[in-house]
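Below: the structure, in structure tokens.
All of the numbers you see were taken from the coordinates with simple rules; none came from a lab. Please read these numbers as outputs of a predicted model, since none were measured by experiment. All Cβ positions, glycine included, derive from the backbone under ideal geometry; neighbour counts span all protein chains shown.
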Amino acid sequence: DLALATFAALGLEPRVEYFDMPAELQGKYQYFTEARTERLRAAGFDQPFTELEEGVRRYVQDFLSQPDPYR
């Protein structure tokens, strides 16, 4: 999902190659991550979360694609 969102934010056609997981890494690599948000909601946070694609788009277009003011 992250790679596809990055290509989309750049306006490029996706070019993703998938490789089999090396045997020595199987069981050590986390394929899926999802935050539990119950405690955050219980603490009163009621704003909608930013979707991955929108967050990547903002980061790429509004930050990475801008001139670095420190150079």
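Separation of segment 8-30 and segment 35-60, taken as the distance between their Cα centroids, equals 24 angstrom.
Using per-residue counts of other Cβ atoms within 10 Å, averaged over each peptide, order 23-31, 47-55 from highest down.
47-55, 23-31
When the charge dipole of the chain is built from unit charges on Cβ atoms (+1 for Lys and Arg, -1 for Asp and Glu) and taken about the Cα centre, the candidate among TYR31, LEU4, PHE63 whose Cα reaches farthest toward its positive end is PHE63. Classify the chain: rounded, prolate or oblate, from the alpha-carbon gyration tensor (a ≥ b ≥ c, eigenvalue square roots; a/c under 1.5 rounded; otherwise prolate if a/b is larger than b/c)? Note, shape of the chain comes out oblate. If only the Cβ of Lys and Arg carry +1 and only the Cβ of Asp and Glu carry -1, the dipole of the chain around its Cα centre is close to 260 debye.
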